[in-house]
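Reading through the structure tokens given below for one structure.
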Amino acid sequence: MIRSMTAYAQVEGETPLGRVAVELRGVNHRYLELGLRLPDELRAQEGALRERATQRIARGKLDLTLRLRGAIQATPELRLNEPYLKQLADLSMHMSARFPDLLVDFSELLRMPGVIETREPDQLALTETVLALLDQALDGLLDARQREGARLAQIMLERLDAIATQVAAVRALMPDIRTRQRARIDSLLAELRDASEPQRIEKELVAQLLRMDVDEELDRLDVHLAEARRVLALDEPVGRRLDFLLQEFNREANTLGSKSVDVRTSNASIELKVLIEQVREQVQNIE
């Protein structure tokens, strides 16, 4: 199944830190490039997030952004260390008999180190929750990439059909082109009998004979067409493979044009190059 590299997905959910929004944005890239933007509270989860994303995305530039929503993340959970506070109170009562003028304010007790503790969120639970949100976002992103990929695959298949039509048209033209070239060769042979420069005519004759043979190029284009259709049906990333295959398409189309001895095959070569370039443009968008 063909997947596009261009897609977007966003999900939100509750975590031990509060509500977190996960945003994924993918665009074209030759390789996999992952960029993360995280709040300071989630920096510890960067490694796990990066690993999870690269497990499911093979190619493209992927921007992953996490945002904390609401005010929950700004309100730390405070816990009073009551046993410690009781010890301080008992100590204060004990010392008051020896120091009658000693006054201990409650707010001063609260400022004593260890009286009030800030409870940090469970990092393991936080990581699991954030990864679950990322999986939901990745599901949405991959669904969008697959839908867009199906449209791209359809466009490419249509262009491949058009390429096949051009190849078949050139094959159909070849008997007539060969007949015309045979007539020209016969004319050259007639000239050769009275020619003052027989070597020049012989060279031209050989060149004409070589340029007439494009069966090999047409056969290779048929083979490339079959391979391209097979690759488009694979359930794996195929962008690079198609990119290399299209280079072979171009090579055969160029050779066909250079061997052309008829305006019709020259025009067909140009049309093939246009169609191949249209396929190549779409391949740049797929994983």
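All conditions in (1) crowded, with 17+ Cβ neighbours inside 10 Å; (2) under 26 Å from residue 124 (Cβ atoms) hold for residue 59, with the sole exception of (2). For the stretch 145-159, a tally of residues being of a type in the set (Lys, Arg) and buried (at least 16 other Cβ atoms within 10 Å of the Cβ) returns 2. Selection of the stretch 21-45 for residues being farther than 30 Å from residue 231 by Cα and touching a strand residue (DSSP E or B) at 6+ places or on another chain (Cβ under 6 Å) yields 21, 22, 23, 36, 37, 38, 39, 42. Scanning the stretch 267-286 for residues that are open to solvent by 40 Å² or more (accessible area, probe 1.4 Å), farther than 30 Å from residue 55 by Cβ and of a type outside the set (Asp, Glu) yields 267, 270, 273, 274, 278. Step by step: first the residues of the stretch 35-53, then only those that are buried (at least 16 other Cβ atoms within 10 Å of the Cβ) and not polar (S, T, N, Q), then the one that is nearest to residue 3 (Cα to Cα). Which residue is that? Ranking the qualifying residues of the stretch 35-53, first place goes to 53. Give the residues of the stretch 133-180 that are within 30 Å of residue 264 (Cβ to Cβ), polar (S, T, N, Q) and in contact (Cβ under 8 Å) with a residue 24 or more places away in the chain, sorted by residue number. Once the filter is applied, which keeps residues that are within 30 Å of residue 264 (Cβ to Cβ), polar (S, T, N, Q) and in contact (Cβ under 8 Å) with a residue 24 or more places away in the chain, the stretch 133-180 yields only 166.
Filtered by the rule that a residue be among the aliphatic types (A, V, I, L, M) and under 21 Å from residue 151 (Cα atoms), the stretch 25-61 gives 27, 57, 58. Number of residues in the stretch 193-214 that are loosely packed, with under 11 Cβ neighbours inside 10 Å and either within 20 Å of residue 170 (Cα to Cα) or at pLDDT 70 or above (or both): the value is 1.
Restricting attention to the stretch 1-44, the residues that are without any contact (Cβ under 8 Å) to a residue 40 or more places away in the chain and among the small types (Gly, Ala, Ser) add up to 1.
The values are calculated or read from the model by the stated rules, or taken from the named source; none is laboratory data. As the structure is a computational prediction, the values presented were derived from the model and not from experiment. Neighbour counts are summed over all protein chains in view; Cβ atoms, including those assigned to glycine, are modelled from backbone coordinates with ideal geometry. Heavy atoms of the whole protein, side chains included, go into the accessibility calculation; ligands, DNA and RNA do not. Shrake-Rupley method; radii C 1.70, N 1.55, O 1.52, S 1.80 Å.
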